[in-house]
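Shown next, in structure tokens, is the structure this report addresses.
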Amino acid sequence: MSKIYLTTAIPYVNGAPHIGHAMDYIIADTCSRYHQICGDEVRLQAGTDEHGNKIFRKATESNMPVEDYVDENAAKFRDFIKKLDVEYTDYIRTTDADHMKRCQEIWRKIKDHIYSATYGGWYCVGCESYVTQKEYDENGGICPDHQKPYEHLEEENYYFRISDFKDEIRAKIESDEIQILPEFRKKEMLKMLEDAPDVSISRPTSQLTWGVPVPDDPNQTMYVWIDALSNYITVLGYPEKPIDEWWPATAQFVGKDILRFHAIIWPAMLLALGLPLPKVLCSHGFILADGQKMSKSIGNVIDPIEVLEKHGADAFRYYFLRHVDTFTDGDFTWEKYESAYNTELANDYGNLVQRLATMLMKNNIATAALKPKELDETYRNFMNNFEFAKAFDYAWEKVQGINKRIDDEKPWMLAKAGETEKLGQVLSSLTQELKDVNLMLSPFLPSAAKKVADIFDAETVTPPAEPLFKKD
Ligand code: MSP
């Protein structure tokens, strides 16, 4: 038995959850459930990232005190996670007092690698943000949104000296001491590391108030990444509590856009703290809508709650864990979703359960004594290598294999011919196969797999009154 610690990226609460946010959660939860079947002890963290000007501005636009605004949105994320049937053990909000205090202690501990410097650049007062020289030139020095000239601002920022750790990080990535998945992203990260500049980690309090105050400097507020990345260890109680039982994390799940922060700034922070690096950084791709990036202006944003409410959490998990590759971009259309639901989940799996349970009941055959065999090696290898979509495909082939066996062996003919003993053998062996595959499916489809286990583990098998996956 091992101790497994898994983490998910904490989303910004500047709106309601969108479909992409589900990926971290469902991948990590599948991994967690798999390890639980293997007898491991698992901790799974989730939470929300609640500081920063963008959130502050959104709250102001909504005429709400920022505290109420983040409470309202954070609750939506919590509800979303629950609806996805994701079971976390630890939950963090970056506005939690404990987190903020711990974050300040982390800052103090890495202080030797922090320096103060002047940052100069073009700034739009309306947007409350800097623009690059390129944007300045393209817009002729005037903000298109506010029709006001950009101002040249100079401010003091604290910087984190990434250069102190570059060689060590490179060596650890190259040797897979911190394994970056998929492999092609590892190359990308090594390239990025070469040119990685020191990072600005604070803003003057006059520019940013909604954040963790920099310790011992009332004029500065921490700027997103130190605050956000620290969550993975503050949630375990660091630095007051020892975390070596759980840290380094077994795997940290993030989207491809934020991998670089996790592969460069985060390892630098951990090295500065004298902590080991996570064993695996696993990055997933983006969800597109009919091949296009989702955006409010195109009007193609898919509401994840609508998708979840259509056929429930298992159907949602089925589509995004099997039809979206674990490591690359995936696509959603309602048409594909409905087709996967009806022809695969409902027909392949739902009907199989119904058919088999009906035959067992009719012929009075008990299957409670049959126990699922140990997970087979191919499946375990896929799961251990974080190839969740491949493991799911592999299990699904087995579902289809059982259906084929029923069609080929035609147990109803045996019943008709009165070959009771043979019939018993065939149906028991089919049920054994179903129990084996059901165990493989359980990390992906927790609720359906539980129902199926209950049906075939009961003293008397009874088919479900309602189909497992109701068709429209
Ligand atoms: N707050 C930071 C993360 C801090 S982690 C210490 C952040 N938040 S986010 O809300 O923008 O993104 C949260 C997660 O959702 C990230 O893993 C991100 O990659 C993922 N996704 C955001 N849009 C996505 C898609 N369209 N598709 C798949 N995942 C996407 O970044």
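Only the coordinates and a few stated rules stand behind these numbers; no lab work does. Model, not experiment: these values are computed from the prediction. All Cβ positions, even for glycine, are placed from backbone atoms using ideal geometry, and neighbour counts span all protein chains on display.
For the residue pair residue 153 and residue 64, what label-to-label distance in nm results when each label sits 7 Å from Cα along the Cα-to-beta-carbon direction?
Spacing of the two 7 Å Cα→Cβ label points: 2.5 nm.
Per the helix-only calculation at 222 nm, which mean residue ellipticity applies to the chain, given -39500 (n - 2.57) for every DSSP H run of n ≥ 4 and division by its residues, nearest 500 deg cm²/dmol?
-13500 deg cm²/dmol
Could you name the aspartates and glutamates in cross-link range of residue 470, using Cα to Cα under 20 Å and dropping any fewer than eight places away on the same chain?
The reachable aspartates and glutamates, counting only those whose Cα sits under 20 Å from residue 470, are 85, 306, 309, 314, 335, 338, 344, 348, 454.
Can you give the FRET efficiency for residue 109 and residue 428, using 1/(1 + (r/R0)^6), R0 = 60 Å, r = Cβ-Cβ distance, to the nearest 0.05?
Computed FRET efficiency for residue 109 and residue 428 comes out at 0.50.
Past 30 Å, Cα to Cα: identify those pairs from 336/422; 336/373; 82/471; 172/373; 279/390, in the order given.
Result: 336/422; 336/373; 172/373 exceed 30 Å.
Over the chain, what is the percentage of antiparallel beta bridges among all DSSP beta bridges, to the nearest 5?
Beta bridges within the chain, antiparallel portion: roughly 50 percent.
Starting from the Cα-Cα distance between residue 18 and residue 240, subtract it from 0.36 nm times their residue separation and give me the gain in nm to one decimal.
76.4 nm
Work out the FRET efficiency for residue 369 and residue 393 from their Cβ-Cβ distance, taking R0 = 51 Å, and round it to the nearest 0.05.
Result of the calculation: an efficiency of 0.95.
Obtain the nm distance between the two label points defined at residue 472 and residue 334 by a simple spin-label model: each point lies 7 Å from its Cα along the Cα-to-C-beta direction.
0.7 nm
For the pair residue 3/residue 184, report the inter-label distance in nm, with labels modelled 7 Å from Cα in the Cβ direction.
According to this spin-label approximation, the distance is 3.8 nm.
By how many nm would the segment from residue 119 to residue 325 grow when fully extended, if each residue of separation counts as 0.36 nm and the alpha-carbon distance is taken off?
70.0 nm
Would you mind calculating the relative contact order of the chain from Cα pairs under 8 angstrom and at least 6 residues apart, reporting the percent as a whole number?
16 percent
Pulled fully out, how much extra length does the chain show between residue 36 and residue 166, if you take 0.36 nm times their separation in residues and subtract their Cα-Cα distance?
Full-extension gain reported as 43.2 nm.
What Cys residues in the chain are without a partner cysteine, judged by a Cβ distance under 4.7 Å?
Cysteines of the chain left without a disulfide-compatible partner: 31, 38, 103, 282.
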